[in-house]
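Notes follow the structure.
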Amino acid sequence: MKLKGDTRFPYPVLASFTDDYPAAKFSLEVEPVREVTETGEVEIRGELRPSEQFLDHALAEGMLECGLYITCEHTYFSEFLAISPGNWKVTVAGGNLRGVVTLRAIIYVAAETLSVPAGSIHEEFGEQDFPLRKYSLAGVSDEFEFEAGLDKLVPMESVFRLESTSSVENGLFRVGTDTQAIVIQVHPTLYNSLNQVRNSGHGRQILLSSLYLPCLIEVLDVASRDKCDHLRWYRAIESRCRQVGVDLDGKDLLRKAQLLLDCPVGKVHEAVEALS
């Protein structure tokens, strides 16, 4: 459902972009979304309250019913699911939601006709009770967005894989982005040293600044030029970018890489003190 702030109806609708019900507010609250790791199933729970006496009564009597529009542009998923007034729950099968998901609840007329008391609505609708026909929209919530997909739970450094190869000069490294993980290739001598450091918690913090940070700058440049949805590293970085509010546009790469890794340089002094 496409509704904008300037949408208007020839009958009263409870919404934040109208004042048709001056003393009421349509409240849609969504709990933290639960995703099942094994199946990818997404469980969405929340609470719906129109906070208007007549509408509350009509919902309780079944004269009004509620539904939830779920839209995910990334997967082209768009469905309308019936929900209960008050506390509600819906489940979406795995694989249908990834990236930004938009929710919008509506209340609609389920009875053949429904007369809204004049005292509940704006005076512009007249002094008589206002009749609504079946399936007329009675309420529209604001949109709610959340990030779906287990890729967002992947730690940034886990999308990198360190490889040993004699084809890279000792002291240098090479970055590959053609596989599911971002491959960092180093000389065998350096590989052994990096592995020792990586297995230490404080050493890992130093590697985030000295190795992963410059690699991520290169990767962000690649990702901004080539959308690689089929690769796990790309999906993880794209999701992380949305979480921290940065764009994959090829600009300001140094700053964005630092944000994605949670500003690792600022934590180096703690790691150095711990290792000394």
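The values are calculated or read from the model by the stated rules, or taken from the named source; none is laboratory data. Source: prediction; values computed, not measured. Every residue, glycine as well, gets a Cβ built from its backbone with ideal geometry; the counts of neighbours run over all protein chains shown. Just so you know, the surface numbers come from the protein's heavy atoms only, side chains and all, with ligands and any DNA or RNA stripped out. Shrake-Rupley method; radii C 1.70, N 1.55, O 1.52, S 1.80 Å.
The H on the amide N of Leu162, modeled in the peptide plane, is under 5 Å from the matching H of Ile184, each at least 5 residues off or on a different chain. Residues in segment 1-160 average 53 Å² of solvent-accessible surface per residue, probe 1.4 Å, ligands and nucleic acids excluded. If you roll a 1.4 Å probe over the chain with all protein chains in place, what percent of the accessible area is carbon or sulfur? Carbon and sulfur: 47 percent of the exposed surface of the chain.
Positive end of the dipole of the chain, charges at C-beta (+1 Lys, Arg; -1 Asp, Glu), about the Cα centre: which of Cys72, Ala111, Asn192 has its Cα farthest in that direction? Toward the positive end, the furthest listed residue is Asn192. Entry for the chain at q = 0.08, 0.11, 0.14 Å⁻¹: log10 I(q)/I(0) = -0.51, -0.75, -0.97, Debye formula applied to identical alpha-carbon scatterers, no solvent contribution. Positive-end ranking of Tyr234, Ser84, Ala138 along the dipole of the chain, with charges on Cβ about the Cα centre, is headed by Tyr234.
For Ala110, the residues whose amide H sits under 5 Å from its own are Leu64, Glu65, Tyr135, ignoring neighbours fewer than 5 places away on the same chain, with H placed 1.01 Å from N.
For Gly94, the residues whose modelled amide H falls within less than 5 Å of its own, excluding neighbours fewer than 5 places apart on the same chain, are Glu41, Val42. Peptides 126-138, 27-39, 88-100 ranked from most to least packed, by the mean per-residue count of other Cβ atoms within 10 Å: 88-100, 126-138, 27-39.
Using θ = phi - 60° in the Karplus curve 6.51 cos²θ - 1.76 cosθ + 1.60, the 3J(HN,Hα) couplings for segment 117-129 round to x, 4, x, 8, 10, 4, 4, 5, 8, x, 8, 9, 4 Hz; x is entered for Gly and Pro.
Extension gain for Lys227-Thr91 works out to 46.0 nm (0.36 nm per residue, less the C-alpha to C-alpha distance).
Which length gain, in nm to one decimal place, applies between Tyr135 and Glu61 when the Cα-Cα distance is subtracted from 0.36 nm times their residue separation?
Details: separation 74, 0.36 × 74 = 26.64 nm, distance 1.58 nm.
Between Tyr135 and Glu61, full extension yields 25.1 nm more.
At an R0 of 22 angstrom, the distance between the Cβ atoms of Ser164 and Gln196 translates into a FRET efficiency of 0.95. Relative to the globular-protein estimate of 2.2 N^0.38 Å, the Cα radius of gyration of segment 20-60 stands at 1.69.
Expected output is a single nm value to one decimal: the length gained when fully extending between Ala118 and Thr75, i.e. 0.36 nm times separation in residues minus the C-alpha distance. What is it?
Details: separation 43, 0.36 × 43 = 15.48 nm, distance 4.36 nm.
Here the segment from Ala118 to Thr75 would lengthen by 11.1 nm.
Once the other residues with Cβ under 12 Å from the Cβ of Pro22 are scored (Lys, Arg +1; Asp, Glu -1), what is the net sum? Each step should come with its number before you reach the end.
Details: positive: Lys25; negative: Asp19, Asp20, Glu52, Glu123, Glu124.
That works out to -4.
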